[in-house]
Amino acid sequence: MINQTRFMLRTGEQYVEGIRERRHAKIYVMGKRVTDVTTNLFLKPSVLSFKATFDAAFQEDTRDLARAFSPFINEEVNRFVHIHQGPQDLVAKVKLLRRLSHKTGTCFQRCVGWDALNTLYIVTGKMAERGDGVYRERFLKYLEYVQRRDLALAGAMTDVKGVRTLRPSEQPNPDAYVRVVEERDDGIVVSGAKANITGIAAVDEVVVLPTRAMTEQDAAYAVSFAVPLDTPGVVVVVGRQINDARRMEGGDIDGVPYMAHHEGLIIFNNVFVPWDRVFLYKDWRWTGPLVEIFASYHRQGYGGCKSGLGDVIIGATYELAKTIGVDNKPNVADKLAEMVFLNESMYSAGLAASWEGSKLLKEGGWWVNPMYANVTKHLVARFPYEISKLAHDIAGGIVGTAPSEFDLKNEEIKNLLEKYLQGVPEIPAEERLRLVRLLENVSVSVGFLIESVHGAGSPAAQKIMFNRLYDYEKAGEIAKALSRVKVTVKWPKAPELRRPSETEKL
Ligand code: SF4
């Protein structure tokens with residue numbers, strides 16, 4: 001049974017204490033078992049980034065954005081465990097994410113679990129509206145448990161997928177997608193693995209969702225559930241990132257003295273899940289809508305967090321331009337303006353997706369506008385690379401060639417480096433190096449580049465959605481009316497460009 005002990009609105013310190021107390025979580029980093037993620041040098045910056053989402057509820061500049069009133073427990077909760085109650089909440093999400101990027105300089109990892117909660121709220125709500133209320137009841141109890149304890153959740157969606165051309169049930173490795181291997185009176189046993197899971201080593205619990213639309217043959221793979229990270233049989237292997245070894249050097253400039261994020265592989269090695277934590281069981285018909293609802297939620301969020309990282313990069317670039325006295329040169333101003341345009345475009349699209357949100361359930365279930373959410377993510381898959389390129393152009397080759405902070409601390413060469421690394425005399429060489437490292441660490445990071453392309457679905461996935469959501473026939477009618485064309489051609493065997501989205505079919 002889920003224990004409904006009250007905590008609510010934990011501080012960052014309480015979150016850190018909570019994951020320090022986990023007992024059996026099997027986490028590996030670079031071949032070694034990690035027993036305390038809060039002190040492990042590789043993972044500590046990631047824990048600090050997660051912690052920022054808790055601290056935000058107590059800091060003056062983010063307190064209002066980071067708190068929300070939950071009608072499910074009639075209390076204020078951290079927004080990261082809140083179910084959106086209207087477009088204002090969707091907008092607040094995008095604004096909060098932008099602010100948190102300013103505080104962390106990286107991905108703060110807690111949004112995937114949040115999006116998973118909102119997705120399951122809608123999907124189990126739809127099931128209940130169709131007469132199957134059991135999942136709804138279980139989910140609402142779980143939601144209450146999460147909100148009362150202010151848990152840090154990961155959302156695990158992407159399966160390892162094996163042979164990409166084969167469906168889950170056709171795979172030579174039957175565990176290439178997470179599946180049910182046993183049904184018991186008290187619950188189910190699951191097996192398989194999920195890849196690229198953001199923040200997975202630093203959470204209290206993981207919420208698992210199917211990664212694709214399934215068919216009847218794939219029913220054993222149509223499963224959604226939640227388990228604490230220290231559940232027996234769960235193994236986490238943390239992935240490497242660019243410059244990650246710098247975190248272990250002990251400096252305070254070169255590495256990531258601020259924060260970092262991580263992704264990892266989570267393996268479910270015959271893991272038992274009690275029934276009260278199972279939110280979808282073999283009902284494959286719900287997998288399509290579930291994937292679509294989740295993907296659009298996360299695509300909307302990118303408009304906030306990635307534009308926030310864009311601000312960090314624009315700021316570092318501007319300050320670096322000052323260090324060499326070119327900040328007011330017309331060509332630099334032009335490039336900075338271009339960076340601002342690219343950045344604000346991502347944010348504007350995220351806001352549009354939020355304001356144009358709609359209710360999918362009779363009782364609420366506020367979802368983003370899927371077209372604008374997909375546009376947001378598609379911009380994010382492109383613009384961060386442009387922003388980084390412009391930043392590197394203005395900042396100069398030093399972003400890729402600067403000496404280490406340890407050179408600057410070596411008494412034998414310190415004076416020489418201070419002399420030759422300095423631009424304008426008012427700004428010391430060390431300050432310039434700090435800005436260079438910040439720019440390097442953020443603008444060529446996994447969080448700003450690779451995650452922007454592949455997180456929440458690669459660009460092809462958004463193009464599929466554009467074709468599903470855009471009404472080409474209607475646009476054609478507009479064009480024909482203006483040009484006074486009367487002929488309508490329907491080819492009997494022509495593929496239908498616009499197929500209704502899964503959510504439209506609900
Ligand atoms: Fe949140 Fe952005 Fe990280 Fe996704 S990529 S978890 S939206 S900060």
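The values are calculated or read from the model by the stated rules, or taken from the named source; none is laboratory data. Since the structure is predicted, the reported quantities are computational estimates derived from the model, not experimental observations. Note: ideal-geometry Cβ built from the backbone for every residue, glycine included; neighbour counts use all protein chains shown. Note: areas computed on protein heavy atoms with side chains; ligands, DNA, RNA excluded. Shrake-Rupley method; radii C 1.70, N 1.55, O 1.52, S 1.80 Å.
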What does the C-alpha gyration tensor say about the overall shape of segment 128-207? Classify as rounded when a/c is under 1.5, otherwise prolate if a/b is larger than b/c, or oblate.
oblate
Take the alpha carbon atoms of segment 181-259, find their center, do the same for segment 274-296, and report the distance between the two centers in whole angstrom.
17 Å
Quick one: accessible surface of ASP276, probe radius 1.4 Å, all protein chains present, in square angstrom to the nearest 10.
40 Å²
Where Lys and Arg each count +1 and Asp and Glu each count -1, what net charge lies around VAL291 among other residues with Cβ under 11 Å from its Cβ?
-1
Which loop-located trypsin sites (Lys or Arg not before Pro) does segment 349-431 contain, where loop means any DSSP state but H, G, I, E or B and the Cβ has at most 14 other Cβ atoms within 10 Å?
LYS362
Could you put ARG434, ARG499 in order of accessible surface area, largest first, with the 1.4 Å probe and the full protein assembly present?
ARG499, ARG434
Global geometry of segment 318-464, whether rounded, prolate or oblate, following the gyration tensor of its Cα atoms and the 1.5 cut on a/c:
prolate
Residue-wise, which Karplus ³J(HN,Hα) couplings in Hz belong to segment 183-188, taking 6.51 cos²θ - 1.76 cosθ + 1.60, θ = phi - 60°, and x for glycine or proline?
10, 10, 4, 9, x, 10
Using only Cα atoms, what Kirkwood radius does segment 55-130 have, in angstroms?
13.2 Å
Just to confirm the filter: which GluC sites (Glu not before Pro) across segment 253-362 are DSSP coil and have at most 16 other Cβ within 10 angstrom of their Cβ?
GLU356
In percent, how large is the relative contact order of the chain, given Cα pairs closer than 8 Å and 6 or more residues apart?
17 percent
Accessible surface ranking that places the most exposed of ILE413, ILE293 first, with a 1.4 angstrom probe:
ILE413, ILE293
Before anything else, pin down the relative contact order of segment 340-487: Cα pairs under 8 Å, at least 6 apart, normalised by residue count, whole percent.
24 percent
Residues whose placed amide H lies under 5 Å from that of GLU263, excluding near-sequence neighbours:
GLY199, GLY239
Rounded to the nearest 10 Å², what accessible area does LEU449 have for a 1.4 Å probe in the complete protein model?
20 Å²
Could you work out the helix-only [θ] at 222 nm for the chain, with each DSSP H run of four or more residues adding -39,500 (n - 2.57) and the total divided by the number of residues, to the nearest 500 deg cm²/dmol?
-14500 deg cm²/dmol
Rank SER224, SER483 by accessible area, highest first, at a 1.4 Å probe radius?
SER483, SER224
Enter the accessible area of ARG184 (Å², nearest 10), with the probe set to 1.4 Å and all protein chains included.
90 Å²
Express in whole angstrom the spacing between the alpha-carbon centres of segment 391-409 and segment 312-350.
18 Å
If you take the square roots of the eigenvalues of the alpha-carbon gyration tensor of the chain and sort them as a ≥ b ≥ c, do you get rounded (a/c under 1.5), prolate (a/b over b/c) or oblate?
oblate
